[in-house]
Amino acid sequence: MTHTGSLPRTPEMRAVFAGERQVDAAERAELVRSGVADVVRRQLDAGVDVVNDGETGKESYSTYVRERLTGFDGEPESVLSLADLNAYPGARDKFMQVTGNDVAEVLGPPACSGPIAVADPDAVDADIRNLRAAAEGTGATELFLSAASPGVIASFFANHHYPNREAYLLALAEAMRHEYEAIAASGIILQLDCPDLAMCRHVLFDQLSLEEFRSQARLAVEMINHATANIDPDRMRIHLCWGNYEGPHHLDVALADIIDVVLRARPNGIVLEGANPRHEHEWQVFTDVEVPEGKVLMPGVVDSTSNYIEHPELIAQRLTRYADAVGAENVLAATDCGFATGARMSAVDPDIAWAKLRAMAEGARIASQRLYSRV
């Protein structure tokens, strides 16, 4: 079993990201190293097999790139609008009261105002070193590191420099190639975070027709494939997401309407939402859609926006549905999304997040026993 990427940061790192603790570069690096060691140990204690660094040193899964790439010095512009919440102003106001400045920072980072290039080539190497050091001698089955896809970066950072979205995406793909290839070359699995393939239907492209949105998604997939052309598909996975927040989600694009586009992406692992009330039913898509050989589904079997701790029996049922559709050997348990998408943003209490992972491990054991006892 695995998860989507972000996990609760240590209290020390939360204080740094909140501006409550001032540290120099050396002290921050040490806090990140110790934080990664802590989060790896916690994952293994919870029963997670495929572990990562919890995105410990990143402010968020997407906006961290402003520290690693040039070109992001423009005036912040909120490029995303949550159309589903806008339809319910009371829920939107409650959401903003709870998230406050944290969500505003994520939804409105600096705009791209100049040429994009790699500014800090050593940053990803530090991620790799920290994760490998933390996992050494632990018996972890596999390691993965997350990286923002060209499409999600383009969705969060407004473009004030390039002539059109395609040129912007291509520049991002060329710049991010360094990070992608460094992770893969280290022997660690590369996870590309791609909420733009689903979430952006209702937060960026809600004025477009479905086919127009699919065209944008196809372009994003082309850029993923371009940037990862030198990486073995078996050493990559993508994360599909409709937005890691509690909201109506009634405007979410259906998985059935985009799955063919998603399956064109080179990465063979597909991490997708499968536990929340809006998308749990979509396991049925895979009873009709033929998944190409080599592709592995990693459905979310615990919700990352609710403080309910799922019962292991429910988790086992969810996994069994997917296994019956595509084969048990092609399914790995995961979470719907991260438990701390931004370092200061978490709808789930940290202790409950770890309890959810423990429940997921127990549910995965139950499902495995049942599925493989059929043979």
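The values are calculated or read from the model by the stated rules, or taken from the named source; none is laboratory data. As the structure is a computational prediction, the values presented were derived from the model and not from experiment. Here Cβ is always computed from backbone atoms with ideal geometry, including for glycine, and neighbour counts include all displayed protein chains.
Wholly within the stretch 267-375, which helices (runs of 4 or more DSSP H) include no fewer than the required count, namely at least 3 residues that are closer than 21 Å to residue 144 by Cβ? Working first, answer last.
Numbers: elements: 285-288, 312-326, 350-373.
The qualifying helices (runs of 4 or more DSSP H) are 312-326, 350-373.
Put simply, of 251, 272 the only residue that is in contact with a helix residue (DSSP H, G or I) (Cβ under 8 Å, 6 or more places away or on another chain), closer than 27 Å to residue 55 by Cα and hydrophobic (A, V, I, L, M, F, W, C) is 272.
Where in the stretch 129-234 are the helices (runs of 4 or more DSSP H), entirely inside, with at least 1 residues that are hydroxyl-bearing (Ser, Thr, Tyr)?
On the way: elements: 150-156, 165-185, 200-203, 210-227.
Once the helices (runs of 4 or more DSSP H) in the stretch 129-234 are filtered for at least 1 residues that are hydroxyl-bearing (Ser, Thr, Tyr), what remains is 150-156, 165-185, 210-227.
Assessment of the stretch 314-323 against the conditions (touching a Leu at 6+ places or on another chain (Cβ under 6 Å) and of a type in the set (A, V, I, L, M)) yields at least one matching residue. The set of residues in the stretch 55-82 being more than 21 Å from the chain's Cα centre (by Cα) and at negative phi consists of 70, 72, 73, 74, 75, 76, 77. Condition first: touching a Ser or Thr at 6+ places or on another chain (Cβ under 8 Å), at pLDDT 95 or above and closer than 23 Å to residue 142 by Cα. Can you find one or more residues in the stretch 315-323 that meet it? Looking for residues that are touching a Ser or Thr at 6+ places or on another chain (Cβ under 8 Å), at pLDDT 95 or above and closer than 23 Å to residue 142 by Cα, one finds none in the stretch 315-323, hence no. Among the residues of the stretch 139-177, the ones that are closer than 23 Å to residue 236 by Cβ, over 16 Å from the mean Cα position of the chain (by Cα) and either of a type in the set (Ser, Thr, Tyr) or surrounded by fewer than 16 Cβ atoms within 10 Å (Cβ to Cβ) (or both) come to 4 in all. Of all residues in the stretch 76-116, those being at pLDDT 90 or above and not aliphatic (A, V, I, L, M) number 10.
Taken as a whole, the structure leaves residue 268 outside the set of residues that are of a type outside the set (A, V, I, L, M, F, W, C) and surrounded by fewer than 17 Cβ atoms within 10 Å (Cβ to Cβ). Within the stretch 107-128, the set of residues being crowded, with 18+ Cβ neighbours inside 10 Å, of a type outside the set (A, V, I, L, M) and part of a helix (DSSP H, G or I) comprises just one member, 127. Among all residues of the stretch 289-312, there is none that is buried (at least 17 other Cβ atoms within 10 Å of the Cβ), over 21 Å from the mean Cα position of the chain (by Cα) and among the small types (Gly, Ala, Ser).
In the stretch 313-331, which residues are farther than 27 Å from residue 247 by Cα and either surrounded by fewer than 23 Cβ atoms within 10 Å (Cβ to Cβ) or touching a residue at least 40 places away in the same chain (Cβ under 8 Å) (or both)? 320, 323, 324, 325, 326, 327, 328, 329, 330 - these are the residues of the stretch 313-331 that are farther than 27 Å from residue 247 by Cα and either surrounded by fewer than 23 Cβ atoms within 10 Å (Cβ to Cβ) or touching a residue at least 40 places away in the same chain (Cβ under 8 Å) (or both).
Condition check for residue 47 on (1) at pLDDT below 90; (2) out of contact with any Gly (no Cβ under 6 Å at 6 or more places or on another chain): one failure, at (1). Among (1) in contact with a Ser or Thr (Cβ under 9 Å, 6 or more places away or on another chain); (2) of a type in the set (Val, Ile, Thr); (3) closer than 25 Å to residue 50 by Cα, where does residue 188 come up short? It fails just one condition, (1).
Set side by side, the residues 254, 198 differ, and just one is buried (at least 19 other Cβ atoms within 10 Å of the Cβ), touching a residue at least 24 places away in the same chain (Cβ under 8 Å) and small (Gly, Ala, Ser), which is 198.
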